[in-house]
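Just below is one structure, and these are the notes that go with it.
Please treat every number below as a calculation from the coordinates, not as lab data. The model shown is predicted, which means the values in this text are computed figures rather than measured ones. Heads up, the Cβs are rebuilt from the backbone with ideal geometry, glycines too, and the neighbour counts pull from every protein chain shown.
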Amino acid sequence: MATNGKKSRKKIIIFSIIGLLAVTAGVVLFLGSKKEPIVSVQVEKVKRHTITQVVTATGKIQPEIQVKISPEVSGEIVDLPVKEGQRVKKGDVLMKIKPDVYIAQRDQFSAGLLSAKATLSRTEPEYNRIKELFSKGLVSQAEYDQAKAAHESAKASYAQATASLNQANENLRKTTIVSPMDGTVSQLNSRLGERVLGTQQFQGTDVMTIADLSRMEGRVDVSETDVVRLHIGDTARIAVDAFPDKKVNAIVYEIANTAKSKGLGTQEEVTNFEVKMRVISQGITLRPGMSMTADIETETKQNVLAVPIQSVTTRMPKMEGKEQPEDGQSGEFVAASNGGNGKKAENKPKEVVFVVEENVVKAMPVKRGISNDAYVEISEGVKEDMQVVSGSYKAINRELEDGSKVKIEEPKKSGQRRDDKQS
């Protein structure tokens, strides 16, 4: 019996120890789960910067002045003394159209004018004679009216013949097309012997383009949200795809008043406004149609408080408690900032930065101003030399909340990142 009692006591002691260990492990796990995680972050002090806001858009290089040449009369090109890329001066012959038809029309109307002139020469003396006799009462009213009508008809025929001859001469003159300006034949679409249509009755054939290549401009399409920031006189830096290592300066001189829409009525609809920039410093040979990207400087502010652009994120305002539902409606959360006064909180995200104080972050609502590609102006919400979280992206946009504990670490340099990857 004594042996059995000893065994029972041993079992009780063993099970007690096991139970105590289990409870201890459970407590440790429970306390461990309640331990607040520490987020590793990088920080940067709020400093004063000069910030230039930039609108970036893509487009093409084009001549500021160019003229499309289309003939006013139709016919065959019998002389084309220019070629693409050739420089021409105002008044230089660009092409000639076969004039045979127009010479024949001129000769025909010239003969008609001679006939009309002869008729007028006969009717005018006769009309003057009848007019004098009628004034003396020697001829009847009918005779006078007949002579007057014949004379007026001869005058009208002469005027019509004169106009027809003038038009025929003008058409014949238009068979020779000359340059309206000094420039370069930037595009030549027709060849010798081709038949072209005139613009008198038709749209006309676009034979060539004359452009002043000494005055170039950039034309870009700017979105409707960005165009409101632009002003005439804004400066721009143009990067041409063909010259990746060089940039040219330009000035905005024209902003379209009417939008250009693509994909109208579809989900892909895009509304843009054409903006033209006059190139003021070239240094490279620009050609019409070259692709380019323009950085247009819309506004510059000096000595303003700024934080890294990635430091600004959005968070929903904290909510506490619930309102009592009224009339069967579901309750609304009430913001802590309202002090429980029963006012409905605006359930809208707020722009914040995370300020670090003694390894704890505080979400500070801010009001942003202009920005560039690195920094954003903060007009309200922070003071100079405050430490704000500048990384990582995951910490700023997902992990951090007001009151989160953090550990400040130095940002990894590019060389360190490469070493980490190699290891």
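Key figures
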read-out	value
Estimated FRET transfer efficiency when R0 is 56 angstrom, pair Asn189-Ile309 (beta carbons, to 0.05)	0.70
Residues in the range 239-269 that a label on Arg278 would reach, taking backbone N under 19 Å of a point 7 Å out along Cα→Cβ	248-257
Neighbour-count ranking [beta-carbon atoms within 10 angstrom, fewest first] of Met181, Met290	Met181, Met290
For the range 62-124 versus the range 174-190, the gap between their alpha-carbon centres in whole angstrom	15 Å
For the range 39-82, projected area of the alpha-carbon convex hull averaged over all directions, nm²	9.8 nm²
Along each principal axis, Cα extent of the range 17-170, largest first, Å	158, 48, 40
Computed label-point distance, nm, for sites Ala242 and Ser291 using a 7 Å Cα→Cβ extension	1.4 nm
20 Å Cα-Cα threshold exceeded, pairs from Lys60/Lys83; Lys60/Lys276; Lys47/Lys362; Lys276/Lys301	Lys60/Lys83; Lys276/Lys301
Over 20 Å [Cα-Cα, the range 99-173], rounded percent	46 percent
Along principal axes, Cα extents of the range 91-221, largest first, whole Å	82, 35, 24
Dipole in debye (nearest 20) - the range 99-173, about Cα centre, beta carbon charges: Lys, Arg +1; Asp, Glu -1	160 debye
Extended-chain gain in nm, criterion 0.36 nm per residue less alpha-carbon gap, Arg215 and Asp385	56.3 nm
Per-residue ³J(HN,Hα) for the range 283-290, Karplus 6.51 cos²θ - 1.76 cosθ + 1.60, θ = phi - 60°, Hz, x for Gly and Pro	x, 9, 7, 8, 10, x, x, 5
Long-range amide H partners of Val307 with built H, under 5 Å	Val376, Ile378
Stretchable slack from Glu299 to Lys60, in nm (0.36 nm times residue separation minus alpha-carbon distance)	83.7 nm
Kirkwood-based shape ratio for the range 263-323, expressed as Rg/Rh from alpha carbons	1.19
